[in-house]
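Every number in this text was worked out from the coordinates using simple rules, so none of it is lab data. Every value quoted in this text rests on a predicted model; they were computed, and no experiment measured them. Positions of Cβ are backbone-derived with ideal geometry, glycine not excepted, and every protein chain shown enters the neighbour counts.
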Amino acid sequence: MITNSAQPASLDRTSWLWVTGAPMLLLTICLLGKYGIVPLGSGVRVFLVFALLVALMATAMPVSIALGLTVLTFLFTLTDVPIEAVALKLFTGIEKFEIMAIPFFILAGNFLTHGGVARRMIRFASAMVGHWYGGLGLAGVMACALFAAVSGSSPATVVAIGSIILPAMVRQGFPNRFGAGVITTSGALGILIPPSIVMVMYSVATSGMVVEGPAGEKVSAASVGTLFMAGVIPGLILASMLGFTTWYRAWQNDYPRLPKASINERVKAFLDSFWGLFLIIIVIGGIYTGMFTPTEAAAMSAVYAFFIAVFVYKDMRLRDVPAVLLSSANMSAMLLYIITNAVLFSFLMTHENIPQAMAGWITGTGLGWIGFLLLVNILLLLAGNVMEPSSIVLIMAPILFPVAVKLGIDPIHFGIMMVVNMEVGLCHPPVGLNLYVASGITKLGITELTVAVWPWLLTMLLFLAVVTYVPEISLWLPRTLGML
């Protein structure tokens, strides 16, 4: 017994030595290169940077800290960038007006989650589609789509909708796995249907970049407002596809349906949820009409969500507000710290001409936009295995954006494709945030949940292929509205 128990401990110790030794080895190589002991070419230096980042994350270090340490190592050993320039970039890089939208959308989502809005949206969705096969499951998809249109966060959508509808589905006779699969994947709509925090991240990561198109023309980065409008049609299509998958599986297994709601019941459910649904009009309508910018829309949504949660629906007391503010501040601080380090990382990559070198190499190999987008999808799906969406977008977007534009890919289309990749990453292990949130609600293990989400995850992968190679899905609405 002692021998058997000691063996895993020995393996763990060996693994720990490998995991912690890799960053130290890479750091030593960087120092040797700095003092000219070991010659390091530009390609080797780029490899060392990304290898160090991966090695640090493999130690279970938070991504933000791993990114910060990688930046410091790069700064002091592999580049000659003046410290003054870095300090200036750090200040100017995070003073962007768009960044202020992130804490406001997080705050609005927290008010809506605790303020009874989700429960009323579920009631409205159940009244509309509950009489079809898989009634409560379809209501969950519809409610997730509606809540996504006011929250901007996928985990918040899963918590708000899942904590209410999953217990109800189990009581009605649905298998726990079926409900978990529906809500885990439908909750990912939170970052595709506008407003979307990840879209803000993409805009921030590429803002200020003016790169050359295939004919040498100057192409600027995508604005937050245009990205929001571009996400509407893809979001509705994906919600419909997830709804069809839910209906088909429920029809196959003859899962229960709700009694068909009368017209009066539907009207009553709509009126009861009206104040929450009206926030969609405020955000999207306000941005489209030019009444306010996306950042101002985020501030308006936070104030409005507070008002309806406390004074209209009265599901939240004033003494509960400080806890919501503190929770929102914690999440905002975490994201802003990641943004700070990602801004420096992007600046150093650009200073070393790494994106431009990649663009020149890819165009020189004759790889067209079809092959490039396939490689990007594979890269982002692999990154989704080890990183959360915000970090992936902030690190990858500044590197891949110039290459995409050089191949003639529209910045808006490329942004929406990245967001859909992030949606898929939220729903598969080992770091899929939606899986962990759903696991806490359903009490299912991650392995069980991984099996449960596969039918809907395959639907999302099919949609990813379509949205990747049919740019008009993303571009039609902004072009129709005169935003392109």
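Out of the range 285-299, which residues are more than 17 Å from Phe97 (Cα to Cα) and either in contact with a helix residue (DSSP H, G or I) (Cβ under 7 Å, 6 or more places away or on another chain) or of a type in the set (Ser, Thr, Tyr) (or both)?
First pass over the range 285-299, keeping only residues more than 17 Å from Phe97 (Cα to Cα): 285-286, 288-289.
Selection gives Gly286, Tyr288, Thr289.
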*With the checklist (1) out of contact with any helix residue (DSSP H, G or I) (no Cβ under 7 Å at 6 or more places or on another chain); (2) part of a helix (DSSP H, G or I); (3) in contact (Cβ under 8 Å) with a residue 12 or more places away in the chain in hand, flag the one item Gly440 doesn't pass.*
(3)
*Only one of these conditions is not met by Trp361: (1) free of Cβ contacts under 8 Å to residues at least 12 places away in the same chain; (2) of a type in the set (Phe, Trp, Tyr); (3) closer than 24 Å to Phe228 by Cβ. Which number is it?*
(3)
_Counted residues, the range 114-148 - those being among the small types (Gly, Ala, Ser), farther than 13 Å from Asp272 by Cβ and buried (at least 24 other Cβ atoms within 10 Å of the Cβ)_ = 9
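So that you can scan it fast, the table gives a plain yes or no per residue for (1) touching a Ser or Thr at 6+ places or on another chain (Cβ under 8 Å); (2) surrounded by 15 or more Cβ atoms within 10 Å (Cβ to Cβ); (3) more than 30 Å from Thr450 (Cα to Cα); (4) among the charged types (D, E, K, R):
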residue	(1), (2), (3), (4)
Val310	no, yes, yes, no
Met316	no, yes, yes, no
Val324	no, yes, yes, no
Asn353	no, no, yes, no
Thr365	no, no, yes, no
Leu375	no, no, no, no
Ala383	no, yes, no, no
*Listed residues Val150, Val141, Val117; which is of a type in the set (A, V, I, L, M) and over 30 Å from Ala333 (Cβ atoms)?*
Val141
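So, in the range 464-482, of the ones that are among the hydroxyl-bearing types (Ser, Thr, Tyr) and within 21 Å of the chain's Cα centre (by Cα), which residue ends up surrounded by the fewest Cβ atoms within 10 Å (Cβ to Cβ)?
Here the answer is Tyr469.
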*Please find, among Ser153, Ser163, the residue that is closer than 24 Å to Leu107 by Cα, surrounded by 24 or more Cβ atoms within 10 Å (Cβ to Cβ) and of a type outside the set (A, V, I, L, M).*
Ser153
*Can you tell me how many residues in the range 43-61 are within 14 Å of Met24 (Cα to Cα) and of a type in the set (Gly, Ala, Ser)?*
3
*Scan the range 401-418 residue by residue and report those that are farther than 24 Å from Val232 by Cβ and in a helix (DSSP H, G or I).*
Pro402, Val403, Lys406
